[in-house]
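Read the structure below first, then the notes.
The values are calculated or read from the model by the stated rules, or taken from the named source; none is laboratory data. Here the structure is a predicted model, which means the values were calculated and not measured. Here the Cβ positions follow ideal geometry from the backbone for every residue, glycine too, while neighbour counts run over all protein chains shown. Ligands, DNA and RNA are excluded from the accessible area calculation, which covers all protein heavy atoms including side chains. Shrake-Rupley method; radii C 1.70, N 1.55, O 1.52, S 1.80 Å.
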Amino acid sequence: MCGIVGYVGPGADERALDVVMEGLARLEYRGYDSAGVALVNGHEVATAKRAGKLANLRELLAEHPMPPSSTGIGHTRWATHGGPTDQNAHPHRGGTDGKLAVIHNGIIENFHALKSQLLAQGITFTSETDTEVAAQLLAIAYEEAQDLTAAMRQVVNRLEGAFTLLAVHADA
């Protein structure tokens, strides 16, 4: 079973990572095969993710600290598409500028057809997940709309299945 955590604090509150990691720890009882976080940092989104237990992500964060942030999302994953690997762990990025990250619970049933369309447009993928398809679609929609809410509505209308998406964008 997956879990999603999101946090937006006041501008001076730069404890998003602590809040998100505590939320993920509270979800451990549900079972999962990987975990990851994304933090908005100025005009970038920093990500960290690892297959295995939350302890693996904590170890990565100790070795490679993330920047302070007041906005973050986190995810524990139970694989539906693609094995439990670092590359398949959430969050997934969309676009080429590093400003968008998506996490997802559920299943996107039409992701194969959507991925084929994106591949035909020259989009490259780094994972085997349906979530990365949603991230790439959201990046394209955001580029056109320049509004994350409008872009999310547009993308959700194209997706089939039972799912929840959570996204952050450095400019939104």
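A few points about this structure:
- Contact annotation: residue pairs with Cβ atoms under 8 Å, 6 or more positions apart or on different chains, pairing a residue in segment 45-56 that is in contact (Cβ under 8 Å) with a residue 60 or more places away in the chain with a partner that is among the charged types (D, E, K, R) and part of a strand (DSSP E or B), are V45/R93.
- Count of residues meeting criterion [basic (K, R) and within 27 Å of L27 (Cα to Cα)] in segment 105-149: 0
- Failed item, numbered, when I73 is tested on (1) under 13 Å from the mean Cα position of the chain (by Cα); (2) open to solvent by 10 Å² or more (accessible area, probe 1.4 Å): (2)
- Any hit, segment 156-170, residues being of a type outside the set (S, T, Y), farther than 16 Å from G6 by Cβ and part of a helix (DSSP H, G or I): yes
- Residues located in segment 107-119, provided they are part of a helix (DSSP H, G or I) and open to solvent by 90 Å² or more (accessible area, probe 1.4 Å): H112, L119
- Pair list, Cβ < 6 Å and 6+ apart or interchain, from segment 7-24 residues that are under 15 Å from N41 (Cβ atoms) to residues that are surrounded by fewer than 18 Cβ atoms within 10 Å (Cβ to Cβ) and not hydrophobic (A, V, I, L, M, F, W, C): E14/P68
- Residues that are open to solvent by 50 Å² or more (accessible area, probe 1.4 Å), under 15 Å from the mean Cα position of the chain (by Cα) and over 14 Å from T71 (Cα atoms) within segment 30-50 comprise just one, R50.
- Candidates in segment 1-29 are the residues that are in contact with a Phe, Trp or Tyr (Cβ under 8 Å, 6 or more places away or on another chain) and assigned to a helix (DSSP H, G or I); of these, the one that is farthest from T71 (Cα to Cα) is G23.
- Subset tally (residues that are open to solvent by 40 Å² or more (accessible area, probe 1.4 Å) and in contact with a strand residue (DSSP E or B) (Cβ under 6 Å, 6 or more places away or on another chain)) for segment 125-160: 0
- In segment 1-12, the qualifying residues are those that are open to solvent by 30 Å² or more (accessible area, probe 1.4 Å) and more than 14 Å from the chain's Cα centre (by Cα), and the one that is modelled with the highest pLDDT is V8.
- Candidates G122, G83, G95, filtered to the one that is at pLDDT below 95, open to solvent by 10 Å² or more (accessible area, probe 1.4 Å) and at positive phi: G95
- Only one of the numbered conditions (1) touching a strand residue (DSSP E or B) at 6+ places or on another chain (Cβ under 6 Å); (2) surrounded by 18 or more Cβ atoms within 10 Å (Cβ to Cβ); (3) part of a loop (DSSP other than H, G, I, E, B); (4) not β-branched (V, I, T) is violated by N88, and that is (1).
- Positions within segment 51-68 being open to solvent by less than 70 Å² (accessible area, probe 1.4 Å), assigned to a loop (DSSP other than H, G, I, E, B) and either over 19 Å from G82 (Cβ atoms) or touching a Gly at 6+ places or on another chain (Cβ under 9 Å) (or both), in sequence order: M66, P67
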